[in-house]
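These notes are about the structure you will find just below.
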Amino acid sequence: MRFFPPLNPPLPAWPDARVWVIGASQGIGAATATALLAAGARVALSARSADKLHVVAADHRATARIEPLDFTQGAQVSAAWKRIHADWGGCDLVLVVAGTHREVRAWELDEAVADALLETNLNGPLATVAAVLPGLLAQGHGAIGIVSSVAGYRGLPKALVYGASKAALINFTETLYLDLHPKGIGVYLINPGFVATPLTATNEFRMPHLISADEAAAQIIAGLRAGDFEIHFPRAFTRQLKLLQLLPYRLYFAAVRRATGP
Ligand SMILES: NC(=O)c1ccc[n+]([C@@H]2O[C@H](COP(=O)([O-])OP(=O)(O)OC[C@H]3O[C@@H](n4cnc5c(N)ncnc54)[C@H](OP(=O)(O)O)[C@@H]3O)[C@@H](O)[C@H]2O)c1
(Lines give C-alpha, C1' and ligand atoms only; values in the text may rest on other atoms or scores of the structure.)
Protein backbone atom coordinates (compact mmCIF):
# COMPACT_ATOMS: atom_id res chain seq x y z
CA MET A 1 0.00 0.00 0.00
CA ARG A 2 1.28 3.51 -0.89
CA PHE A 3 1.20 6.34 1.65
CA PHE A 4 2.79 8.92 -0.64
CA PRO A 5 2.26 9.77 -4.30
CA PRO A 6 4.96 8.54 -6.74
CA LEU A 7 7.95 10.86 -7.17
CA ASN A 8 7.83 10.56 -10.96
CA PRO A 9 5.09 11.19 -13.52
CA PRO A 10 3.53 7.96 -14.83
CA LEU A 11 5.05 6.29 -17.88
CA PRO A 12 2.78 5.16 -20.73
CA ALA A 13 1.63 1.52 -20.68
CA TRP A 14 4.43 -0.58 -22.19
CA PRO A 15 2.69 -1.28 -25.53
CA ASP A 16 2.52 2.52 -26.05
CA ALA A 17 6.01 3.22 -24.71
CA ARG A 18 9.13 4.14 -26.70
CA VAL A 19 12.26 3.26 -24.72
CA TRP A 20 15.95 3.69 -25.53
CA VAL A 21 18.21 1.29 -23.61
CA ILE A 22 21.92 2.14 -23.69
CA GLY A 23 24.05 -0.82 -22.61
CA ALA A 24 21.64 -3.34 -24.09
CA SER A 25 24.10 -5.88 -25.53
CA GLN A 26 24.44 -8.03 -22.39
CA GLY A 27 23.78 -8.24 -18.65
CA ILE A 28 21.21 -6.04 -16.93
CA GLY A 29 20.61 -3.84 -20.00
CA ALA A 30 19.98 -6.80 -22.32
CA ALA A 31 17.63 -8.42 -19.78
CA THR A 32 15.71 -5.17 -19.27
CA ALA A 33 15.43 -4.51 -23.02
CA THR A 34 14.24 -8.09 -23.56
CA ALA A 35 11.59 -7.77 -20.84
CA LEU A 36 10.39 -4.42 -22.23
CA LEU A 37 10.15 -5.90 -25.74
CA ALA A 38 8.23 -8.86 -24.35
CA ALA A 39 5.84 -6.39 -22.67
CA GLY A 40 5.18 -4.78 -26.07
CA ALA A 41 7.31 -1.62 -25.86
CA ARG A 42 9.21 -0.20 -28.83
CA VAL A 43 12.86 -0.41 -27.79
CA ALA A 44 16.00 1.08 -29.32
CA LEU A 45 19.05 -0.97 -28.35
CA SER A 46 22.48 0.62 -28.02
CA ALA A 47 25.98 -0.54 -27.07
CA ARG A 48 29.22 -0.90 -29.00
CA SER A 49 28.71 -4.59 -29.96
CA ALA A 50 26.23 -4.51 -32.86
CA ASP A 51 26.33 -8.32 -33.21
CA LYS A 52 25.10 -8.82 -29.65
CA LEU A 53 22.40 -6.16 -30.08
CA HIS A 54 21.07 -8.10 -33.10
CA VAL A 55 20.79 -11.23 -30.93
CA VAL A 56 18.80 -9.32 -28.27
CA ALA A 57 16.49 -7.90 -30.97
CA ALA A 58 16.09 -11.17 -32.88
CA ASP A 59 12.61 -12.15 -31.62
CA HIS A 60 11.16 -8.63 -31.92
CA ARG A 61 12.00 -7.38 -35.41
CA ALA A 62 8.93 -5.08 -35.59
CA THR A 63 9.49 -3.29 -32.29
CA ALA A 64 13.27 -3.38 -31.74
CA ARG A 65 15.76 -1.13 -33.49
CA ILE A 66 19.53 -1.27 -33.30
CA GLU A 67 21.63 1.86 -32.73
CA PRO A 68 25.23 0.78 -32.12
CA LEU A 69 27.33 3.48 -30.46
CA ASP A 70 29.92 4.35 -27.86
CA PHE A 71 28.03 6.40 -25.28
CA THR A 72 31.15 8.27 -24.19
CA GLN A 73 31.11 9.93 -27.64
CA GLY A 74 28.54 12.72 -27.42
CA ALA A 75 28.34 13.13 -31.21
CA GLN A 76 27.40 9.44 -31.64
CA VAL A 77 24.73 9.69 -28.93
CA SER A 78 23.30 12.89 -30.45
CA ALA A 79 23.15 11.38 -33.94
CA ALA A 80 21.37 8.23 -32.69
CA TRP A 81 18.99 10.30 -30.54
CA LYS A 82 18.03 12.46 -33.54
CA ARG A 83 17.22 9.34 -35.62
CA ILE A 84 15.24 7.68 -32.82
CA HIS A 85 13.35 10.83 -31.88
CA ALA A 86 12.48 11.67 -35.48
CA ASP A 87 11.40 8.11 -36.44
CA TRP A 88 9.31 7.57 -33.29
CA GLY A 89 8.02 11.14 -33.05
CA GLY A 90 9.32 11.32 -29.46
CA CYS A 91 10.71 9.08 -26.73
CA ASP A 92 9.21 8.20 -23.34
CA LEU A 93 12.21 6.79 -21.49
CA VAL A 94 15.98 6.80 -21.91
CA LEU A 95 17.61 4.10 -19.77
CA VAL A 96 21.35 4.54 -19.28
CA VAL A 97 22.52 1.13 -18.11
CA ALA A 98 26.01 0.93 -19.64
CA GLY A 99 28.95 0.81 -17.30
CA THR A 100 32.12 -1.05 -16.51
CA HIS A 101 33.88 -2.42 -13.45
CA ARG A 102 37.37 -3.14 -12.30
CA GLU A 103 38.59 -3.88 -8.81
CA VAL A 104 41.09 -1.31 -7.58
CA ARG A 105 42.71 -1.21 -4.16
CA ALA A 106 44.59 1.86 -2.91
CA TRP A 107 48.02 0.41 -3.73
CA GLU A 108 46.90 -0.42 -7.29
CA LEU A 109 45.71 3.09 -8.15
CA ASP A 110 46.76 3.95 -11.67
CA GLU A 111 45.80 7.07 -13.62
CA ALA A 112 44.99 5.28 -16.89
CA VAL A 113 42.75 2.72 -15.17
CA ALA A 114 41.00 5.46 -13.19
CA ASP A 115 40.46 7.55 -16.34
CA ALA A 116 38.95 4.58 -18.20
CA LEU A 117 36.52 3.77 -15.37
CA LEU A 118 35.45 7.39 -14.97
CA GLU A 119 35.12 7.83 -18.73
CA THR A 120 32.61 4.97 -18.98
CA ASN A 121 30.81 5.21 -15.65
CA LEU A 122 30.56 8.97 -15.32
CA ASN A 123 31.32 10.77 -18.58
CA GLY A 124 29.22 8.29 -20.62
CA PRO A 125 26.00 8.93 -18.66
CA LEU A 126 26.70 12.69 -18.55
CA ALA A 127 27.30 12.83 -22.32
CA THR A 128 24.09 10.88 -22.89
CA VAL A 129 21.97 13.11 -20.67
CA ALA A 130 23.45 16.22 -22.33
CA ALA A 131 22.52 14.81 -25.74
CA VAL A 132 18.91 13.82 -24.96
CA LEU A 133 17.82 16.55 -22.57
CA PRO A 134 17.05 19.30 -25.11
CA GLY A 135 14.73 16.88 -26.96
CA LEU A 136 12.99 15.72 -23.78
CA LEU A 137 12.51 19.31 -22.59
CA ALA A 138 11.16 20.33 -25.99
CA GLN A 139 8.61 17.50 -26.02
CA GLY A 140 7.69 18.39 -22.41
CA HIS A 141 7.45 14.83 -21.08
CA GLY A 142 9.49 11.64 -20.84
CA ALA A 143 12.01 10.25 -18.38
CA ILE A 144 15.65 9.36 -17.87
CA GLY A 145 16.74 6.32 -15.82
CA ILE A 146 20.37 6.02 -14.75
CA VAL A 147 21.91 2.81 -13.44
CA SER A 148 24.42 3.54 -10.69
CA SER A 149 25.18 1.02 -7.91
CA VAL A 150 24.90 0.43 -4.19
CA ALA A 151 28.72 0.65 -4.35
CA GLY A 152 28.16 4.41 -4.59
CA TYR A 153 26.46 4.63 -1.18
CA ARG A 154 29.69 4.66 0.87
CA GLY A 155 33.33 3.59 0.55
CA LEU A 156 33.91 -0.15 0.11
CA PRO A 157 37.12 -2.13 -0.29
CA LYS A 158 38.15 -3.04 -3.88
CA ALA A 159 35.86 -0.30 -5.25
CA LEU A 160 38.33 2.59 -5.01
CA VAL A 161 37.45 4.12 -8.41
CA TYR A 162 34.26 2.22 -9.29
CA GLY A 163 32.62 3.34 -6.04
CA ALA A 164 33.69 6.95 -6.62
CA SER A 165 32.25 6.91 -10.15
CA LYS A 166 28.95 5.51 -8.90
CA ALA A 167 28.78 7.92 -5.93
CA ALA A 168 29.22 10.80 -8.37
CA LEU A 169 26.50 9.34 -10.58
CA ILE A 170 24.09 9.10 -7.63
CA ASN A 171 24.70 12.76 -6.78
CA PHE A 172 24.32 13.75 -10.44
CA THR A 173 21.01 11.89 -10.72
CA GLU A 174 19.64 13.40 -7.50
CA THR A 175 20.44 16.86 -8.79
CA LEU A 176 18.96 16.00 -12.17
CA TYR A 177 15.72 15.09 -10.37
CA LEU A 178 15.62 18.43 -8.53
CA ASP A 179 16.04 20.33 -11.80
CA LEU A 180 13.80 18.23 -14.03
CA HIS A 181 10.86 17.25 -11.84
CA PRO A 182 9.33 20.75 -11.96
CA LYS A 183 9.56 20.55 -15.77
CA GLY A 184 7.55 17.32 -15.91
CA ILE A 185 10.52 15.08 -16.82
CA GLY A 186 10.89 11.85 -14.78
CA VAL A 187 14.27 10.88 -13.31
CA TYR A 188 14.99 7.39 -11.97
CA LEU A 189 18.08 6.36 -10.00
CA ILE A 190 18.64 2.60 -10.27
CA ASN A 191 20.97 1.07 -7.68
CA PRO A 192 21.43 -2.68 -8.07
CA GLY A 193 23.18 -4.92 -5.55
CA PHE A 194 25.08 -7.93 -6.94
CA VAL A 195 23.72 -9.22 -10.26
CA ALA A 196 25.15 -12.24 -12.13
CA THR A 197 26.36 -10.74 -15.45
CA PRO A 198 29.61 -10.76 -17.44
CA LEU A 199 30.63 -7.73 -15.33
CA THR A 200 30.63 -9.71 -12.07
CA ALA A 201 31.62 -13.09 -13.54
CA THR A 202 35.28 -12.63 -12.59
CA ASN A 203 34.62 -11.53 -8.98
CA GLU A 204 36.45 -13.97 -6.73
CA PHE A 205 34.71 -13.02 -3.50
CA ARG A 206 31.32 -14.31 -2.35
CA MET A 207 28.66 -11.91 -3.62
CA PRO A 208 25.89 -11.64 -1.00
CA HIS A 209 22.27 -11.76 -2.20
CA LEU A 210 23.36 -12.34 -5.82
CA ILE A 211 20.42 -12.22 -8.24
CA SER A 212 20.05 -12.98 -11.95
CA ALA A 213 19.90 -10.32 -14.68
CA ASP A 214 16.26 -11.30 -15.33
CA GLU A 215 15.39 -10.67 -11.67
CA ALA A 216 17.18 -7.30 -11.86
CA ALA A 217 15.19 -6.42 -14.99
CA ALA A 218 11.92 -7.33 -13.25
CA GLN A 219 12.83 -5.08 -10.31
CA ILE A 220 13.72 -2.21 -12.63
CA ILE A 221 10.48 -2.53 -14.56
CA ALA A 222 8.41 -2.70 -11.35
CA GLY A 223 10.16 0.41 -10.00
CA LEU A 224 9.63 2.33 -13.23
CA ARG A 225 5.96 1.38 -13.20
CA ALA A 226 5.64 2.50 -9.55
CA GLY A 227 7.24 5.89 -10.35
CA ASP A 228 9.89 5.43 -7.64
CA PHE A 229 12.88 7.80 -7.70
CA GLU A 230 15.35 5.26 -6.37
CA ILE A 231 14.92 1.71 -7.59
CA HIS A 232 17.19 -0.43 -5.40
CA PHE A 233 17.35 -4.19 -5.11
CA PRO A 234 17.44 -6.86 -3.82
CA ARG A 235 15.74 -5.28 -0.84
CA ALA A 236 17.09 -7.84 1.67
CA PHE A 237 20.59 -6.56 0.79
CA THR A 238 19.92 -2.87 0.16
CA ARG A 239 18.02 -2.50 3.46
CA GLN A 240 21.22 -3.56 5.29
CA LEU A 241 23.31 -1.14 3.23
CA LYS A 242 20.92 1.71 3.92
CA LEU A 243 21.26 1.07 7.64
CA LEU A 244 25.06 1.08 7.25
CA GLN A 245 24.75 4.45 5.48
CA LEU A 246 23.42 5.94 8.71
CA LEU A 247 26.32 4.82 10.91
CA PRO A 248 29.03 7.23 12.10
CA TYR A 249 32.41 6.47 10.51
CA ARG A 250 33.85 4.59 13.53
CA LEU A 251 30.99 2.09 13.43
CA TYR A 252 30.75 2.01 9.63
CA PHE A 253 34.45 1.18 9.12
CA ALA A 254 34.30 -1.52 11.82
CA ALA A 255 31.17 -3.09 10.28
CA VAL A 256 32.67 -3.13 6.76
CA ARG A 257 35.93 -4.65 8.01
CA ARG A 258 34.00 -7.36 9.82
CA ALA A 259 32.00 -8.17 6.69
CA THR A 260 34.80 -7.99 4.10
CA GLY A 261 38.03 -8.69 5.98
CA PRO A 262 41.23 -6.62 5.60
N1 LIG B 1 26.26 -6.66 -12.24
C2 LIG B 1 26.20 -6.09 -11.04
O3 LIG B 1 26.33 -6.75 -9.98
C4 LIG B 1 25.95 -4.61 -10.92
C5 LIG B 1 25.72 -4.08 -9.65
C6 LIG B 1 25.48 -2.72 -9.51
C7 LIG B 1 25.48 -1.91 -10.62
N8 LIG B 1 25.73 -2.44 -11.85
C9 LIG B 1 25.73 -1.53 -12.98
O10 LIG B 1 24.77 -1.98 -13.91
C11 LIG B 1 25.17 -1.60 -15.22
C12 LIG B 1 25.14 -2.83 -16.12
O13 LIG B 1 26.03 -3.77 -15.56
P14 LIG B 1 26.10 -5.27 -16.08
O15 LIG B 1 26.46 -6.08 -14.90
O16 LIG B 1 24.92 -5.60 -16.89
O17 LIG B 1 27.41 -5.13 -17.01
P18 LIG B 1 27.84 -5.87 -18.34
O19 LIG B 1 27.25 -7.22 -18.42
O20 LIG B 1 29.31 -5.71 -18.43
O21 LIG B 1 27.14 -4.95 -19.48
C22 LIG B 1 27.59 -3.64 -19.66
C23 LIG B 1 26.87 -3.04 -20.86
O24 LIG B 1 27.37 -1.71 -21.05
C25 LIG B 1 27.75 -1.56 -22.42
N26 LIG B 1 28.82 -0.59 -22.53
C27 LIG B 1 29.98 -0.54 -21.84
N28 LIG B 1 30.74 0.48 -22.25
C29 LIG B 1 30.02 1.11 -23.24
C30 LIG B 1 30.26 2.22 -24.06
N31 LIG B 1 31.40 2.93 -23.97
N32 LIG B 1 29.31 2.59 -24.94
C33 LIG B 1 28.15 1.90 -25.05
N34 LIG B 1 27.86 0.83 -24.28
C35 LIG B 1 28.79 0.44 -23.40
C36 LIG B 1 28.20 -2.96 -22.82
O37 LIG B 1 28.13 -3.15 -24.21
P38 LIG B 1 29.37 -3.10 -25.22
O39 LIG B 1 30.56 -3.69 -24.53
O40 LIG B 1 28.86 -3.91 -26.37
O41 LIG B 1 29.54 -1.67 -25.58
C42 LIG B 1 27.11 -3.80 -22.14
O43 LIG B 1 25.95 -3.80 -22.91
C44 LIG B 1 26.55 -0.96 -15.09
O45 LIG B 1 26.41 0.44 -15.03
C46 LIG B 1 27.03 -1.48 -13.74
O47 LIG B 1 27.98 -0.63 -13.14
C48 LIG B 1 25.96 -3.77 -12.02
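The values are calculated or read from the model by the stated rules, or taken from the named source; none is laboratory data. What you see is a predicted model, and the numbers here were worked out from it, not measured in a lab. Here the Cβ is made from the backbone with ideal geometry for all residues, glycine too, and neighbour counts use every protein chain on show. The accessibility values were calculated without ligands, DNA or RNA, using every heavy atom of the protein model including side chains. Shrake-Rupley method; radii C 1.70, N 1.55, O 1.52, S 1.80 Å.
Please enumerate the residues belonging to the stretch 55-76 that are within 13 Å of the ligand (Cβ to nearest atom), of a type in the set (Val, Ile, Thr) and open to solvent by 30 Å² or more (accessible area, probe 1.4 Å).
Answer for the stretch 55-76, where residues must be within 13 Å of the ligand (Cβ to nearest atom), of a type in the set (Val, Ile, Thr) and open to solvent by 30 Å² or more (accessible area, probe 1.4 Å): Val55, Ile66.
Confirm whether Val94 is assigned to a strand (DSSP E or B) and at pLDDT 95 or above. Step through it out loud before you land on a result.
Details: assigned to a strand (DSSP E or B): yes; at pLDDT 95 or above: yes.
When the stated conditions are applied, Val94 passes them.
Regarding the stretch 124-141, can at least one residue be identified that is touching a helix residue (DSSP H, G or I) at 6+ places or on another chain (Cβ under 7 Å), part of a loop (DSSP other than H, G, I, E, B), of a type in the set (Gly, Ala, Ser) and crowded, with 19+ Cβ neighbours inside 10 Å?
No, the conditions are met nowhere in the stretch 124-141.
What's the number of the condition Val21 fails, among (1) open to solvent by 20 Å² or more (accessible area, probe 1.4 Å); (2) among the hydrophobic types (A, V, I, L, M, F, W, C); (3) out of contact with any Lys or Arg (no Cβ under 9 Å at 6 or more places or on another chain); (4) under 20 Å from Asp214 (Cα atoms)?
(1)
So which residues in the stretch 1-36 are in contact with a helix residue (DSSP H, G or I) (Cβ under 9 Å, 6 or more places away or on another chain), more than 16 Å from the ligand (Cβ to nearest atom) and at pLDDT 95 or above, if there are any at all?
Pro6, Leu7, Asn8, Pro9, Pro10, Leu11, Trp14, Ala17, Arg18
Go through the stretch 85-117 residue by residue and tally those that are away from the ligand (no atom under 15 Å from the Cβ) and touching a strand residue (DSSP E or B) at 6+ places or on another chain (Cβ under 6 Å).
4
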